[in-house]
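Following: one structure in structure tokens, then a few remarks.
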Amino acid sequence: MARVAFLFPGQGAQYVGMGRDVSAALPAARRLFDEASALLGYDLLGTCATGPAERLNATAVSQPAIYVASLAALESLRANEAERGAEAECVATAGLSLGEYTALTFAGALTFRDGLVLVKRRGEAMQAAADAATGAMVSVLGLDQAKVEELVAQASATGLVRLANLLCPGNYAVSGEKAGCEAVERLAEAAGGRAVRLAVAGAFHTPLMQPAVAALSEALSQVTVDGPRVPVWANVSAKPYADGGEVRELLARQVVEPVRWEATMRGLLEAGVERFYEIGPGRVLAGLLKRVLRKADVRNVAG
């Protein structure tokens with residue numbers, strides 16, 4: 001038996017058409033979308049399947065959409081006879097930013113409904129914080145972490161900017177006020193790197209998201225968080241959660257603190273994980289993992 005970890009994608013993985021095929025093929029997947037639509041008050045499957053892209057990409061919509069689409073993809077894995085044993089072999093799980101809620105739901109720490117309530121509130125709160133303080137995110141490619149930290153320190157004289165996502169070697173996202181991000185773009189290009197502006201609503205994983213913390217903390221206080229049946233690795237600490245109390249604390253902090261994804265992947269590898277499954281829309285996580293360990297055994301289940 002292989003030691004398996006399940007990985008769940010975050011915001012940005014969404015695409016028009018996701019969830020359509022798996023919902024048509026599997027009643028269990030369709031039920032997830034139907035339950036979500038009843039709670040959200042709009043046709044989630046219709047939005048995922050046919051768009052428009054502008055609506056699907058809105059933070060308040062894309063976050064619940066990816067959460068539900070990823071859990072629908074999990075039903076596809078469960079129905080695949082060749083991969084049916086993967087869940088029994090799963091010894092750990094993690095999710096990138098929003099995907100952490102999907103991982104916690106898979107691990108039984110949250111119910112599907114409570115996870116959806118939290119993701120809905122998170123998306124709304126982050127959208128409101130983004131609307132209140134215009135910000136940006138930039139992917140910096142081809143430079144090492146120390147250099148990116150140096151550039152962020154230089155750019156901070158122009159505007160608030162932080163290292164937001166530590167994804168893999170040579171791939172880091174910075175986030176903050178537009179002036180600070182624009183300065184990072186100029187400095188990165190001058191240093192021989194490449195800067196790509198990300199299509200997100202605001203400065204995620206920085207203090208500009210602080211208004212979202214109170215709303216999310218309140219929502220977290222109103223749901224039951226059980227001990228996970230499979231260790232869930234937290235973005236903030238790059239370690240498994242100790243208990244439900246820590247889940248509440250770190251999920252609230254996650255919106256204003258960096259995502260330590262590379263450290264999480266290295267931790268899972270050091271813990272003996274031999275095979276990874278990226279479960280949900282897109283193939284971003286597989287690509288990031290291959291940059292950490294080129295020969296990593298990673299399989300995609302898009303639903």
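The values are calculated or read from the model by the stated rules, or taken from the named source; none is laboratory data. For clarity, every value in this text was computed on a predicted model and none was experimentally measured. Glycine gets a Cβ as well: all are built from the backbone with ideal geometry, and neighbour counts include every protein chain shown. Side chains included, ligands, DNA and RNA excluded: accessible areas come from the protein's heavy atoms. Shrake-Rupley method; radii C 1.70, N 1.55, O 1.52, S 1.80 Å.
Hey, any idea what the orientation-averaged projected area of the convex hull of the stretch 117-160's Cα atoms comes to, in nm²?
So the mean shadow area of the Cα hull is 4.4 nm².
Pairs of lysines 8 or more apart, or on different chains, with alpha carbons under 29 Å: count those in the chain, would you?
Qualifying lysine pairs in the chain: 8.
Using modelled amide H (1.01 Å from N, peptide plane; none on Pro or chain starts), what sits under 5 Å from the amide H of Gly135, excluding residues fewer than 5 places away?
The answer is Ala203.
How much accessible area per residue does the stretch 206-303 have, in Å², with a 1.4 Å probe?
Per-residue value: 44 Å².
Apply the Karplus parameterisation 6.51 cos²θ - 1.76 cosθ + 1.60, with θ equal to phi minus 60°, to every residue of the stretch 79-91 and state each ³J(HN,Hα) to the nearest whole Hz, in sequence, with x for glycine and proline.
For the stretch 79-91, the Karplus curve yields 8, 7, 4, 5, 10, 4, x, 4, 5, 5, 8, 6, 10 Hz.
Can you give me the accessible area per residue for the stretch 83-155, using a 1.4 Å probe, in Å²?
Ligands and nucleic acids excluded, the result is 32 Å² per residue.
Over the stretch 84-238, what is the relative contact order in whole percent, taking alpha-carbon pairs under 8 Å and six or more residues apart?
Over the stretch 84-238, the number comes to 35 percent.
Starting from the 7 Å offset along Cα-to-Cβ, what nm value, one decimal, do you get for the label separation of Glu246 and Ala2?
2.8
Normalised by the number of residues in the chain, what is the relative contact order in percent for Cα pairs under 8 Å and 6+ residues apart?
After rounding, I find 25 percent.
From the backbone phi of the stretch 99-107, what are the Karplus-calculated ³J(HN,Hα) couplings (6.51 cos²θ - 1.76 cosθ + 1.60, θ = phi - 60°) in whole Hz, Gly and Pro given as x?
Using θ = phi - 60°, the values come out as x, 5, 5, 5, 4, 5, 5, 4, 7 Hz.
How big is D for the stretch 18-80, in µm² s⁻¹ as a whole number, if Stokes-Einstein is applied with the Kirkwood radius of its Cα pairs at 20 °C and 1.002 mPa s?
So the translational diffusion coefficient is about 188 µm²/s.
Test of understanding: what is the full-extension gain from Gln222 to Arg283, defined as 0.36 nm times their sequence separation minus their Cα-Cα distance?
Extra length available between Gln222 and Arg283 comes to 18.6 nm.
Over the stretch 185-303, what portion of Cα pair distances is larger than 20 Å, expressed as a whole percent?
59
If amide hydrogens are placed 1.01 Å from N in the peptide plane, which non-local residues have theirs closer than 5 Å to the one on Gln11?
HN-HN under 5 Å from Gln11: Leu98, Gly99.
Given Cα positions, please report Rg to Rh for the stretch 235-303, the hydrodynamic radius being the Kirkwood one.
1.00
Computed FRET efficiency, Cβ-Cβ of Val16 and Ala157, R0 35 Å: what is it to the nearest 0.05?
0.30
How much mean residue ellipticity at 222 nm does the chain get from its helices, if each DSSP H run of length 4 or more adds -39500 (n - 2.57) and you divide by all residues, to the nearest 500 deg cm²/dmol?
It comes out at -15000 deg cm²/dmol, rounded to the nearest 500.
Where the centroid of each part is defined by its Cα atoms, how far is the stretch 195-254 from the stretch 67-140 in Å?
Cα centres, the stretch 195-254 to the stretch 67-140: 11 Å.
Tell me, what is the FRET efficiency for Val196 and Arg55 to the nearest 0.05, using R0 = 25 angstrom and their Cβ-Cβ distance as r?
Between Val196 and Arg55 the formula returns 0.60.
In whole percent, and with a 1.4 Å probe on the protein chains, what portion of the accessible area of the chain is carbon and sulfur?
Within the chain, the accessible surface is 50 percent carbon and sulfur.
Rounded to the nearest 10 Å², what accessible area does Thr264 have for a 1.4 Å probe in the complete protein model?
We get 0 Å² for Thr264.
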